There are 2 protein chains.
Amino acid sequence: MKARIHITLKPGVLDPQGKAIEGALKGLGFDDAANVRQGKVIEMTLSETDENAARARVEEMCKKLLANPVMENYAIELSV
Amino acid sequence: MKARIHITLKPGVLDPQGKAIEGALKGLGFDDAANVRQGKVIEMTLSETDENAARARVEEMCKKLLANPVMENYAIELSV
């Protein structure tokens, strides 16, 4: 089973990396881009084949290591 | 219009960050995670309302700034 985890900063948290990208885009003439935010995406293969078990497993990984629940949100997508 | 861009390393490219995450997961007892890869996700709001025009615009941003087409793949998702 394949898992894809999106980790993004919570809405209120300042995102300097996103701001830097936005500034660079504007410098290149892309004035129409606003509210640029950067996050992470982590992809992995799991040996688990049951979807619910796999989701619980990935959720545990997020809580223990992958995401910082104080500042970040995460979303898990599973596919076969 | 909102755009979400996934930027991932091409399959053959070594991903030390992904390897580090995989090692840390194994250290925590998550032995079932394999082929861990880390990428970036960039979210932005565009003033463009036409989907095709917005896609072309974001594609141009990816080629000029956001992704390195030699080493990275990118995928664009648009939503209203």
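Quick look at the values:
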quantity: For B:Glu72, residues with placed amide H under 5 Å, excluding near neighbours; calculated: B:Lys10
quantity: On Cα atoms only, tilt of B:16-27 relative to the major axis of chain B in degrees; calculated: 50 degrees
quantity: Potential lengthening between A:Thr49 and A:Glu77 on full extension [0.36 nm per residue; Cα-Cα distance subtracted]; calculated: 8.7 nm
quantity: Selected from B:Gly18, B:Gly27, B:Gly39 as most flexible by GNM, with chain B as the system and alpha-carbon contacts under 10 Å; calculated: B:Gly27
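Bear in mind these aren't lab numbers, they're just calculated from the coordinates by the rules spelled out. Keep in mind that what you see is a predicted model, and the values were worked out from it rather than measured.
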